[in-house]
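A short worksheet on the structure shown next.
FYI, it's all coordinate maths here, none of it is from the lab. The structure presented is a predicted model; accordingly, all values stated were derived computationally and were not measured. Positions of Cβ are generated from backbone atoms using ideal geometry, with glycine treated the same way; all protein chains shown enter the neighbour counts.
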Amino acid sequence: MIATWLLTLGCGLIASRFHHDVGIAPVLGAILCAGIFLKPRDLWIIGLGGMLIRDLILGFSLFTLVRLAAIALVILSIRQLKLQPNLRSLLTGLVISSPLFHLTLAVGDWVTGTCGHWPRTPQGLAQSIASSWPYFQKSLAVDLLFSALFLLLYTAVVVGLVNRKVGSAVR
């Protein structure tokens, strides 16, 4: 349980450091990787708790609810995918969760008028979605990099442990 709270704190601190202005934070990649190994309860704590810590640091707003809804949708999609520790599974998770996350944020921004003040028309919704495209691109690239690095480290550890067991069994 201590690890869950440390991961939650880490998620919140990373998200607060690399927030909207920068447009990158490997939060989705971290949640995807956590979804492989953690219990659903821990995944909810890390995802939602991390976003609450982020907004505690940067300030709460109506958009906090939008961000929490977006993370909840990501977690629900990850749970349905039943991710495995392989590149195909992580890529599938990112291809589904990243657009879902950013679309939810864009629609939430359109509804709340927190970041952009788009007219409450179909054209305004389209403008809100279009304005999120650069953030989506940056976020997807960072999440892909984070997930690939995580998988590389995970594979190195697993291969190292297997080699260690095989080596000790041969002796």
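When Lys and Arg each count +1 and Asp and Glu each count -1, what net charge do the other residues less than 11 Å away from Met1, Cβ to Cβ, add up to?
Here the count lands on +1.
Please work out the FRET efficiency for the pair Leu100 and Lys39, using the Cβ-Cβ distance as r and a Förster radius of 25 Å; give the result to the nearest 0.05.
The pair Leu100/Lys39 has a calculated efficiency of 0.70.
Loop-only check: which trypsin sites (Lys or Arg not before Pro) in the range 45-80 are DSSP coil with at most 10 other Cβ within 10 angstrom?
Answer in residue order: no site qualifies.
Sequence gap at least 6, Cα distance under 8 Å: using those rules, report the relative contact order of the range 2-170 to the nearest whole percent.
Relative contact order comes out at 26 percent.
Among the trypsin sites (Lys or Arg not before Pro) in the range 80-139, which ones are in a DSSP loop with at most 16 other Cβ atoms within 10 Å of the Cβ? Mind listing them?
Numbers: sites: Lys82, Arg88, Arg120, Lys138; in loops: Lys82, Arg120.
Hits after loop and neighbour filter: Lys82, Arg120.
Report the Stokes-Einstein translational diffusion coefficient (µm² s⁻¹, integer) for the range 2-170, Rh taken as the Kirkwood radius over Cα pairs, at 37 °C with viscosity 0.692 mPa s.
D = 196 µm²/s.
How charged is the neighbourhood of His102? Take every other residue with its Cβ under 12 Å from the Cβ of His102, and add Lys/Arg as +1 and Asp/Glu as -1.
0
Mind checking the range 30-75 for chymotrypsin sites (Phe, Trp or Tyr not before Pro) that DSSP puts in a loop (not H, G, I, E or B) and that have at most 16 other Cβ atoms within 10 Å?
Within the range 30-75, the qualifying chymotrypsin sites (Phe, Trp or Tyr not before Pro) (loop, at most 16 other Cβ atoms within 10 Å) are Phe60.
What nm value, rounded to one decimal, do you get for the distance between Gln123 and Arg88 when each label is placed 7 Å out toward the C-beta?
Between Gln123 and Arg88, the simple spin-label model gives 4.6 nm.
Please report the net charge: other residues with Cβ closer than 15 Å to the Cβ of Thr112, K and R +1, D and E -1. Before the final figure, lay out the partial values.
Numbers: positive: Arg67, Arg120; negative: Asp55, Asp109.
Within the 15 Å Cβ shell, the charges total 0.
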